[in-house]
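Down below is the structure, laid out as structure tokens.
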Amino acid sequence: MAPENSESNGIIVSFGEMLIDFVPTVSGVSLAEAPGFLKAPGGAPANVAIAVTRLGGRSAFVGKLGDDEFGHMLANILKDYGVISEGILFDQGARTALAFVTLRSDGEREFMFYRNPSADMLLTESELNLELIRKAKVFHYGSISLITEPCRSAHLRAMEVAKDAGAILSYDPNLRLPLWPSADDAREQIMSIWDRADLIKVSDVEFEFLTGREIVDDETAMSLMHPGLKLLLITLGEHGCKYYTKHFHGTVEAFTVKAVDTTGAGDAFVGALLCKIVEDESILEFQF
């Protein structure tokens, strides 16, 4: 249930990419076999921002889009959902990022990205809306914005400003290996900002990628806890979620649903969690 007075809640600011996802008109085929595609808004940080407003919270998006029809379409979608748009910029020299994604018959997702470079990769430190970032109660981000400069420096600066202003830092690496030069580079850069977050959410697949362990065991999970980390969440798909703090840990079972498409499920999870953290002061203060 949405809070009765969402206007009194703090702002959850999402930083990073927003793009166009092209999904096949039929399911269970490879990208090459797809007879056609439908366009849909995508990008994990933007998904989180929209999830927050749909649950009655206040959110803002900070990122860069192409000054093209897709870019303005995405910006308008954010505005239509009530996401604060003061942090959105448009680049006249680069296009909005595109991604083709499908769920193959073997259950694996297949991605093909078009970023050469895309506008989101070109966000600079000087373009950041620092006033908006300083208003954040929670500052949420992923790892895709760490891949190349100048966006990487802008990302690090935004984190620093948010932290100095007292925001909770929320991190969902959102691993997309095809975008990285190598798996080793992805692992190194994802972990390079690990110890700055107050809250981290990873999937079981990302857990395996970072630790080499196929099964989420408590000992390995606890090894990912750093001194400043208040809450580590590991989502397990239909099997729910494991949570870890310095003093206790446990599992929350999932609701039983008929899954149609799991794309964006983790973003919806994060959006709901952040709404609850902002709404409930006892959670916000991390009294574990």
Residue 205 paired with residue 247, simple spin-label distance in nm, labels 7 Å along Cα-to-beta-carbon: 3.6
Å² per residue, accessible surface of region 1-136 at 1.4 Å: 49
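What FRET efficiency do you get for residue 260 and residue 39 if R0 is 22 Å and r is their Cβ-Cβ distance, rounded to the nearest 0.05? Mind dumping the intermediate values first?
Working: r = 18 Å, r/R0 = 0.83.
Once the sixth-power term is evaluated, E becomes 0.75.
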Dipole-positive endmost among 145, 159, 169 within region 114-171 (Cβ charges, Cα centre): 169
Largest to smallest accessible area among 134, 152, 54 [probe 1.4 Å]: 54, 134, 152
Residue among 26, 202, 10 farthest towards the positive dipole end of the chain, charges placed on Cβ: 10
Sulfur and carbon atoms: percent of accessible area, region 13-55 [1.4 Å]: 55
Principal axes of region 70-117: Cα extent on each, largest first, Å: 42, 27, 14
Packing rank of 136-143, 272-279, 33-40, where each peptide gets the mean count of other beta carbons within 10 Å, highest leading: 136-143, 272-279, 33-40
Globularity ratio of region 178-288, using Cα Rg and 2.2 N^0.38 Å: 1.11
Loop-located trypsin sites (Lys or Arg not before Pro) in region 72-132, at most 12 other Cβ atoms within 10 Å (DSSP): none
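Roughly how compact is region 198-253, stated as its Cα Rg over 2.2 N^0.38 Å to two decimals? Could you put the intermediate results ahead of the total?
On the way: Rg = 10.3 Å, N = 56, 2.2 N^0.38 = 10.2 Å.
Computed over Cα atoms of region 198-253, the ratio equals 1.01.
In region 173-260, what percentage of the DSSP-assigned beta bridges are antiparallel, given to the nearest 5? Can you show the working numbers first?
Details: 8 of 13 bridges.
Approximately 60 percent, going by the DSSP bridge assignments.
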Projected-area average for the chain over all orientations - Cα convex hull basis, square nanometres: 14.9
Region 229-276: equivalent-ellipsoid semi-axes (sqrt of 5 x gyration tensor eigenvalues, Cα, Å): 21, 13, 8
Nearest-20 debye value, region 47-181 charge dipole, Cβ charges on Lys, Arg, Asp, Glu: 400
Neighbour cut-off at most 10 other Cβ (10 Å), DSSP loop, trypsin sites (Lys or Arg not before Pro), region 223-264: 258
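To the nearest 20 debye, what is the magnitude of the charge dipole of the chain about its Cα centre, counting +1 on the Cβ of each Lys and Arg and -1 on the Cβ of each Asp and Glu? Walk me through the numbers on the way to the answer.
On the way: 25 positive and 42 negative charges, 69 e Å.
For the chain, the charge dipole is close to 340 debye.
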Geometric extent, Cα atoms of region 32-80 - Rg, Dmax (angstrom): 13.0, 41
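Using only DSSP helix segments of four residues or longer, with each worth -39500 (n - 2.57), what per-residue ellipticity at 222 nm results for the chain after dividing by its residue count and rounding to 500?
Details: 9 runs with 85 residues, N = 288.
That comes out to -8500 deg cm²/dmol.
Average the reciprocal distances over every distinct pair of alpha-carbons in region 37-170, invert the result, and give the Kirkwood radius in Å.
Kirkwood radius, region 37-170: 15.5 Å.
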Largest-first principal axis extents, alpha carbons of region 132-239, Å: 40, 31, 25
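Of all beta bridges DSSP finds with both residues in the chain, what is the antiparallel percent, to the nearest 5?
Working: 20 of 51 bridges.
Antiparallel: roughly 40 percent of the beta bridges in the chain.
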Spatially proximal lysines relative to residue 79 (Cα-Cα < 19 Å; intrachain offsets below 8 disregarded): 39, 64, 135
Ordering of 42-53, 189-200 by burial proxy (mean other Cβ atoms within 10 Å per residue, highest first): 42-53, 189-200
Global size of region 149-192 as Cα Rg and Dmax, reported in angstrom: 12.2, 34
q = 0.12, 0.23 Å⁻¹: log10 I(q)/I(0) that the Debye formula gives for region 1-104, counting C-alpha atoms only: -0.46, -1.10
Sparse-neighbourhood loop sites, chymotrypsin sites (Phe, Trp or Tyr not before Pro) in region 197-248 - DSSP loop, at most 14 other Cβ within 10 angstrom: 248
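The values are calculated or read from the model by the stated rules, or taken from the named source; none is laboratory data. The model shown is predicted, which means the values in this text are computed figures rather than measured ones. Heads up, the Cβs are rebuilt from the backbone with ideal geometry, glycines too, and the neighbour counts pull from every protein chain shown. With ligands, DNA and RNA removed, areas are computed over all heavy atoms of the protein, side chains included. Shrake-Rupley method; radii C 1.70, N 1.55, O 1.52, S 1.80 Å.
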